[in-house]
Amino acid sequence: MDTEKIIIGLVFLGTGLLFFFNNKNIARGTSALYQKLYTEKNLTVMFKVMGGILILGGLALLFLK
């Protein structure tokens, strides 16, 4: 087995254990963050930016290929 795969596997294992056993504390913090972040005003800006990125990516794929 490669060393890279072992290191990545250990990182995934550690992150999974963190989420599995600390889920109540993580849920409290992220719910407060999401209530502040995902307002109607912020979502319209996020979707416009994402739409622009997708349009530019599509044009790049069409013309640069």
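For the chain, run through the chymotrypsin sites (Phe, Trp or Tyr not before Pro) and keep only the ones in DSSP coil with at most 11 other Cβ atoms within 10 Å of their Cβ. Mind showing how you got there, number by number?
On the way: sites: F12, F19, F20, F21, Y34, Y38, F47, F63; in loops: Y38.
Within the chain, the qualifying chymotrypsin sites (Phe, Trp or Tyr not before Pro) (loop, at most 11 other Cβ atoms within 10 Å) are Y38.
Would you compute, from DSSP H runs of 4+ residues alone, the mean residue ellipticity of the chain at 222 nm, taking -39500 (n - 2.57) per run and dividing by the full residue count, rounded to the nearest 500?
Computed mean residue ellipticity for the chain: -30500 deg cm²/dmol.
Ordered by residue, what ³J(HN,Hα) values in Hz, to whole numbers, does segment 43-55 give under the Karplus form 6.51 cos²θ - 1.76 cosθ + 1.60, where θ = phi - 60° and Gly and Pro are x?
Result, rounded to whole Hz: 5, 5, 5, 4, 5, 5, 5, 5, x, x, 5, 5, 5.
Report the rotationally averaged projected area of the chain based on its alpha-carbon convex hull, in square nanometres.
The number I arrive at for the chain is 8.0 nm².
Read the figures in this text as sums done on the coordinates, not as results from a lab. Keep in mind the model is a prediction, meaning the values are calculated, not measured. Methodologically, a virtual Cβ is constructed for each residue, glycine included, from the backbone with ideal geometry; neighbour enumeration extends over all protein chains shown.
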